[in-house]
Amino acid sequence: MLDTQVILVKRAKGIPKAENFALLQTPMPSCPPGGLLVRNVAVSVDAGMRGWVSEETSYVSIPVGAVMRSYAVGEVLESDCETYRPGDMLFGSFHWQHYCAAAPQAVLWKVDTNFAPPSVWLSAFGISGLAAWIGLTDFARHTPGETILISTAAGGVGSIAGQLARYRGLTPVGLTGRDSKVERCVSEFGYEQAINYRRADFDQLLDAAVPKGIDLFFDNTGGDIADAVFTRLNHGARIIQCGTASIANWSTTPLGPRRERDVLVRELSWCGFIVLNHLQRAKDALPDLQRMMAEGHLNIREHILDGLEQAPGAIAMLYAGDNDGRLSIRI
């Protein structure tokens, strides 16, 4: 039996495209000593993947010729470790491939497909949900009634962050790049208001949406969007840097306003975090998110592609905003 893998064949300048990857058929792997053989049923497409295959230095760098790294939900076919048994459904770093010969350390947590389908374990109960929860729980230092502005508000992280903020008594305002997603942010993702940052009257709309200023900024974009927000931050505001999706590349240092004076005189707090360095928080985050969903307070909109052959172009699709929900691939 053959395995199908997606291989990185060329590092990307800017947004990775289909030509940066190739599909490769190899013999199906066997269960490794002390490990397990997993059959993937769904794999993730995440904004952070751009940095993993970029020519620039990142916190994760995938070698050319290697299988594209990805989180996935898979079923254990064979096991040579005591922790997991055949038939177990798991979430872990199983990559863009049909089968994974995995060490136990690749497993992050078990999956209950009776509670939610595999795709939701890639979104709300995966890295996206964990990032939103950690940003608000561990870094925001929020109090009820504060105004929080969230960029990429309809994205995988932003859509969950908005609902978490609403659930905790904050007033969430969202930024997104399409009018269709503005309405969705309000009707599905808990936002008080949302704004299309591409509109010519964006500055006026933002002033009207936050008349008392911004107490918290959950930023997934950086760049010009963040520049516009900074001038509206209140004294003592907190900025949580979860991503920099609007920066096309970092090989040339992007230029913009210097914000040191703002941080000083308005006593702002600006911190970033890499969710992969906080995976231990999942034991607290997942029950919280699952309770929200069970109570009807957590909505997930999904965009599911069928077949691993869709993977090479999926990152470019995500950055173009052509997805109509949290993007994943069903195998």
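Just to verify a result, which residue in region 80-131, among those that are in contact with a Cys (Cβ under 6 Å, 6 or more places away or on another chain) and surrounded by fewer than 24 Cβ atoms within 10 Å (Cβ to Cβ), is nearest to Leu298 (Cα to Cα)? Restricting to residues being in contact with a Cys (Cβ under 6 Å, 6 or more places away or on another chain) and surrounded by fewer than 24 Cβ atoms within 10 Å (Cβ to Cβ), the top hit is Pro104. Taking the listed residues Leu205, Leu149, the one that is farther than 14 Å from Leu298 by Cα and crowded, with 23+ Cβ neighbours inside 10 Å is Leu149, with no other qualifying.
Give the residue, chosen from Leu255, Leu318, that is out of contact with any Cys (no Cβ under 9 Å at 6 or more places or on another chain), not in a loop (DSSP other than H, G, I, E, B) and not acidic (Asp, Glu). Don't jump to the end; show me each part of the working.
Numbers: Leu255 fails: not in a loop (DSSP other than H, G, I, E, B).
Just one listed residue meets the conditions, Leu318.
Within region 243-269, the set of residues being closer than 26 Å to Leu130 by Cβ and modelled with pLDDT under 95 comprises Gly243, Thr244, Ala245, Ser246, Ile247, Trp250.
Taking the condition over 21 Å from Gly321 (Cα atoms), in contact with a Gly (Cβ under 8 Å, 6 or more places away or on another chain) and either modelled with pLDDT under 95 or not in a helix (DSSP H, G or I) (or both), does Gly145 pass? The answer is yes for Gly145.
Count of region 4-28 residues, restricted to those that are surrounded by fewer than 18 Cβ atoms within 10 Å (Cβ to Cβ), part of a strand (DSSP E or B) and in contact with a Ser or Thr (Cβ under 9 Å, 6 or more places away or on another chain), is 4. Do we have Gly236 as in contact (Cβ under 8 Å) with a residue 12 or more places away in the chain and either under 20 Å from the mean Cα position of the chain (by Cα) or closer than 28 Å to Lys13 by Cα (or both) here? Judged against the criteria, Gly236 is not a match. Determine whether region 276-286 contains at least one residue that is on the phi < 0 side of the Ramachandran plot, in contact with a Phe, Trp or Tyr (Cβ under 8 Å, 6 or more places away or on another chain), surrounded by fewer than 16 Cβ atoms within 10 Å (Cβ to Cβ) and not in a helix (DSSP H, G or I). The answer is no, given that none of the residues of region 276-286 is on the phi < 0 side of the Ramachandran plot, in contact with a Phe, Trp or Tyr (Cβ under 8 Å, 6 or more places away or on another chain), surrounded by fewer than 16 Cβ atoms within 10 Å (Cβ to Cβ) and not in a helix (DSSP H, G or I).
Count, please, the residues in region 221-241 that happen to be part of a loop (DSSP other than H, G, I, E, B) and at pLDDT 95 or above. Please lay out each step first, then the result.
Pass one, region 221-241, residues part of a loop (DSSP other than H, G, I, E, B): 221-222, 231-232.
Now narrow it down to the ones that are at pLDDT 95 or above: 232.
Summing the residues that are part of a loop (DSSP other than H, G, I, E, B) and at pLDDT 95 or above in region 221-241 gives 1.
Based on this model, can you work out whether Glu75 counts as assigned to a loop (DSSP other than H, G, I, E, B) and surrounded by fewer than 20 Cβ atoms within 10 Å (Cβ to Cβ)?
On the way: assigned to a loop (DSSP other than H, G, I, E, B): no; surrounded by fewer than 20 Cβ atoms within 10 Å (Cβ to Cβ): yes.
For Glu75, the condition - assigned to a loop (DSSP other than H, G, I, E, B) and surrounded by fewer than 20 Cβ atoms within 10 Å (Cβ to Cβ) - is not met.
Taking first residues from region 47-61 that are at positive phi and partners that are surrounded by 15 or more Cβ atoms within 10 Å (Cβ to Cβ) and not in a helix (DSSP H, G or I), no Cβ contact under 9 Å between residues at least 6 apart in sequence or on separate chains turns up.
Here are some residues: Ala194, Ala208. Which one is free of Cβ contacts under 8 Å to residues at least 12 places away in the same chain, small (Gly, Ala, Ser) and over 23 Å from Gly272 (Cα atoms)?
Step by step, each of Ala194, Ala208 is checked, and only Ala208 is free of Cβ contacts under 8 Å to residues at least 12 places away in the same chain, small (Gly, Ala, Ser) and over 23 Å from Gly272 (Cα atoms).
Matching residues to (1) in contact with a Gly (Cβ under 6 Å, 6 or more places away or on another chain); (2) in contact (Cβ under 8 Å) with a residue 40 or more places away in the chain; (3) more than 16 Å from Ile127 (Cα to Cα); (4) in the same structural domain as Gln25 (by TED's automatic domain parsing):
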position: Arg281; (1), (2), (3), (4): no, yes, no, no
position: Ala285; (1), (2), (3), (4): no, yes, no, no
position: Asp288; (1), (2), (3), (4): no, yes, no, no
position: Ala294; (1), (2), (3), (4): no, no, yes, no
position: Ile304; (1), (2), (3), (4): no, yes, yes, yes
position: Gln310; (1), (2), (3), (4): no, no, yes, yes
position: Gly313; (1), (2), (3), (4): no, yes, yes, yes
position: Ala316; (1), (2), (3), (4): no, yes, yes, yes
position: Asp324; (1), (2), (3), (4): no, no, yes, yes
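For region 29-70, the tally of residues that are over 15 Å from the mean Cα position of the chain (by Cα) and assigned to a strand (DSSP E or B) stands at 9. If you go through region 152-198 and keep only what is in a strand (DSSP E or B) and buried (at least 22 other Cβ atoms within 10 Å of the Cβ), you end up with Pro172, Val173, Gly174, Leu175, Thr176, Ala194, Ile195.
The values are calculated or read from the model by the stated rules, or taken from the named source; none is laboratory data. Bear in mind the structure is a predicted one, so any value in this text is a computation, not a measurement. All Cβ positions, even for glycine, are placed from backbone atoms using ideal geometry, and neighbour counts span all protein chains on display.
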